[in-house]
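Asker: Structure provided below as structure tokens; questions to follow.
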Amino acid sequence: MTRVSFKNPLEGIEEKFEMIQILDEDGQIVDEDNVPDLSDDDLVELMRRMVYTRVLDQRSIALNRQGRLGFYAPTAGQEASQLGSHFAMEKEDFLLPAYRDVPQLIFHGLPLYQAFLFSRGHYHGNQMPEDVNAVSPQIIIGAQITQAAGVAYGFKHNGKKNVALTYTGDGGASQGDFYEGVNFAGAYKAPAIFVVQNNQFAISVPVEKQSAAETIAQKAAAAGVPGYLVDGMDVLAVYKVVKEARDRAVNGEGPTLIETMTYRYGPHTMAGDDPTRYRTDDMDDKWEKRDPLVRFRKYLEGKDLWSEEKENEIVETAKEEIKEAIKKADKQDKQKVTDLISIMYDELPQNLEEQMEEYKEKESK
């Protein structure tokens, strides 16, 4: 009889999840073989989107402080992870964002003024245009993971060559929905892409206190799904890995879990979180040197594709578009309780009929 070895099966598993990086902190290519096939116009468009998003983040924070926006989760630092991954999507693919992923939703087709209305809690901000395959940003941590598995299975069932792409943070990877969604997608080879943006702290708890696993990517193995660890501050690496995952998915090879190692420079949300209570200045300085915009800017400048003048034009355009979008949001009819009641059901149950009449009377005064 062969003796059973009780050697720790986890030993060395992290070595299978080596960090994928194409562009280093100085904007130099470090992996020539995996440079994605993007045209010069594509590269410039990627940078335009990242610059636009950084401006949008700055203005959104200012608008929040002025009381002109409601809920807002800052995005600075995560642009490469967010926009590099979204750039690999097709228009007909389905996007299921978390609450920090409004930039992807905007570039997927949601008008900017509606994104501002979403922040204010207005129902019109949650009404996707007919040609936008997406749902509103999910507030419940990790709930979008199971939803993405279902949407992806629907694509497979209907013979569609599209994917469902969803995002969560490192905190979301500790939720039960995360395991259930990835496992379901793996079992049914659903064309889903699960992007976990590991910004180190969830809300305030360090990732090493959330899980004994050295990486989130390795959790894919338990579901029989490929998992990849990517430098989330490197837009080329993020795009490359997500593009490969999409190609696999539409070819019937099932889902992929991708962990992007990134960092949010601001607080978790603008609702009172103070990151100085759980992050050090040294840590902030280290990650600021990895800024995805600085890194990609250096790369493009080296290819004579970028200039300060071009960037300033994008900044000014973004400011103007944001100004016009917030004005349009301000002109939207104020939300009423009767509005919410009327869009909940085709036929109102008796208790809501009574409430409808009650609120109609109140709102008429």
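The values are calculated or read from the model by the stated rules, or taken from the named source; none is laboratory data. As the structure is a prediction and not an experimental result, all values here were calculated from the model. All Cβ positions, glycine included, derive from the backbone under ideal geometry; neighbour counts span all protein chains shown.
Asker: Name the single residue, out of those in segment 58-85 being closer than 18 Å to Val235 by Cα and of a type outside the set (S, T, N, Q), that is surrounded by the fewest Cβ atoms within 10 Å (Cβ to Cβ). Before you say what the answer is, go through the steps one by one.
Answerer: First, the residues of segment 58-85 that are closer than 18 Å to Val235 by Cα: 75-85.
The next check asks that each one be of a type outside the set (S, T, N, Q); those that pass are 76-77, 79-80, 83-84.
Values: Ala76: 19, Gly77: 25, Glu79: 28, Ala80: 29, Leu83: 25, Gly84: 29.
Selected residue: Ala76.
Asker: Any idea which of Ala190, Ala222 is farther than 22 Å from Met283 by Cα, assigned by TED's automatic domain parsing to the domain that holds Gly77 and modelled with pLDDT of 95 or more?
Answerer: Details: Ala222 fails: modelled with pLDDT of 95 or more.
Only one candidate qualifies: Ala190.
Asker: Against the definition (at pLDDT 95 or above, out of contact with any Pro (no Cβ under 6 Å at 6 or more places or on another chain) and not hydroxyl-bearing (Ser, Thr, Tyr)), how does Asp304 come out, yes or no? Full working, then the answer.
Answerer: Working: at pLDDT 95 or above: yes; out of contact with any Pro (no Cβ under 6 Å at 6 or more places or on another chain): yes; not hydroxyl-bearing (Ser, Thr, Tyr): yes.
Yes, satisfied.
Okay, residues lined up against (1) under 30 Å from His122 (Cβ atoms); (2) acidic (Asp, Glu); (3) outside any loop (DSSP other than H, G, I, E, B):
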| position | (1), (2), (3) |
| --- | --- |
| Gly252 | no, no, no |
| Leu257 | no, no, yes |
| Gly266 | yes, no, no |
| Ala271 | yes, no, no |
| Arg295 | no, no, yes |
| Asp304 | no, yes, no |
| Glu311 | no, yes, yes |
| Lys323 | yes, no, yes |
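Asker: Continuing with this model, one more query. Would it be correct to say that Asp284 is at positive phi and either touching a helix residue (DSSP H, G or I) at 6+ places or on another chain (Cβ under 6 Å) or in the same structural domain as Asp24 (by TED's automatic domain parsing) (or both)? Steps first, please.
Answerer: Working: at positive phi: no; either touching a helix residue (DSSP H, G or I) at 6+ places or on another chain (Cβ under 6 Å) or in the same structural domain as Asp24 (by TED's automatic domain parsing) (or both): yes.
In short, no.
Asker: Continuing with the same structure: From Asp101, Asp131, Asp57, grab the single residue that is touching a residue at least 60 places away in the same chain (Cβ under 8 Å), of a type outside the set (Ser, Thr, Tyr) and closer than 30 Å to Lys156 by Cα.
Answerer: Numbers: Asp131 fails: touching a residue at least 60 places away in the same chain (Cβ under 8 Å); Asp57 fails: closer than 30 Å to Lys156 by Cα.
Just one listed residue meets the conditions, Asp101.
Asker: Take segment 25-44 and flag every residue that is surrounded by 14 or more Cβ atoms within 10 Å (Cβ to Cβ) and in a helix (DSSP H, G or I).
Answerer: Asn34, Leu43, Val44
Asker: For the subset of segment 245-263 comprising residues that are buried (at least 24 other Cβ atoms within 10 Å of the Cβ) and of a type outside the set (A, V, I, L, M, F, W, C), which member is nearest to Phe201 (Cα to Cα)? Spell out how you get there, then give the answer.
Answerer: Applying the first criterion (buried (at least 24 other Cβ atoms within 10 Å of the Cβ)) to segment 245-263 yields 245, 249, 255-263.
With of a type outside the set (A, V, I, L, M, F, W, C) added as a condition, the list becomes 255-256, 259-260, 262-263.
Details: Pro255: 26, Thr256: 23, Glu259: 14, Thr260: 13, Thr262: 10, Tyr263: 9 Å.
Filtering first and then ranking leaves Tyr263.
Asker: Just name the residue that is surrounded by the fewest Cβ atoms within 10 Å (Cβ to Cβ) out of those in segment 219-230 that are touching a Gly at 6+ places or on another chain (Cβ under 6 Å) and closer than 18 Å to Met19 by Cα. Lay out the reasoning, then the answer.
Answerer: Looking only at segment 219-230, we keep the residues that are touching a Gly at 6+ places or on another chain (Cβ under 6 Å), and these are 220, 223-225.
With closer than 18 Å to Met19 by Cα added as a condition, the list becomes 220, 225.
Details: Ala220: 23, Val225: 20.
Filtering segment 219-230 for residues that are touching a Gly at 6+ places or on another chain (Cβ under 6 Å) and closer than 18 Å to Met19 by Cα, the one surrounded by the fewest Cβ atoms within 10 Å (Cβ to Cβ) comes out as Val225.
Listed here are the residues, each with its yes/no results for (1) more than 12 Å from the chain's Cα centre (by Cα); (2) over 18 Å from Ser60 (Cβ atoms); (3) surrounded by fewer than 24 Cβ atoms within 10 Å (Cβ to Cβ).
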site: Leu96; (1), (2), (3): no, yes, no
site: Gln104; (1), (2), (3): no, no, no
site: Ser119; (1), (2), (3): yes, no, yes
site: Met128; (1), (2), (3): yes, yes, yes
site: His157; (1), (2), (3): yes, yes, yes
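Asker: Those residues that are more than 16 Å from the chain's Cα centre (by Cα) and loosely packed, with under 15 Cβ neighbours inside 10 Å, I need them from segment 130-153; list them, please.
Answerer: Result: Glu130, Asp131.
Asker: If we keep just the residues of segment 302-317 that are touching a residue at least 24 places away in the same chain (Cβ under 8 Å) and closer than 20 Å to Glu25 by Cα, which is surrounded by the fewest Cβ atoms within 10 Å (Cβ to Cβ)?
Answerer: Lys303
Asker: For segment 74-89, enumerate the residues that are over 11 Å from the mean Cα position of the chain (by Cα) and under 22 Å from Phe201 (Cβ atoms).
Answerer: Listed by number, the residues that qualify are Pro74, Ala76, Gly77.
Asker: Here is a list of conditions, (1) assigned to a helix (DSSP H, G or I); (2) in contact with a His (Cβ under 9 Å, 6 or more places away or on another chain), and Lys334 meets all of them except one; can you say which number that is?
Answerer: (1)
Asker: Shifting gears a bit: Would you point out which residue out of Lys310, Lys298, Lys286, Lys319 is more than 26 Å from Val238 (Cβ to Cβ) and basic (Lys, Arg)? Give the steps one after another, and end with the answer.
Answerer: Details: Lys310 fails: more than 26 Å from Val238 (Cβ to Cβ); Lys298 fails: more than 26 Å from Val238 (Cβ to Cβ); Lys286 fails: more than 26 Å from Val238 (Cβ to Cβ).
It is Lys319.
Asker: Let me ask you something else. Which residue is surrounded by the most Cβ atoms within 10 Å (Cβ to Cβ), if the candidates are limited to segment 273-282 and must be in contact (Cβ under 8 Å) with a residue 60 or more places away in the chain and part of a helix (DSSP H, G or I)?
Answerer: From segment 273-282, those in contact (Cβ under 8 Å) with a residue 60 or more places away in the chain are 273, 275, 277-279; that's our starting set.
If we keep only those that are part of a helix (DSSP H, G or I) as well, we get 275, 277.
Details: Pro275: 17, Arg277: 7.
By that ranking, first place goes to Pro275.
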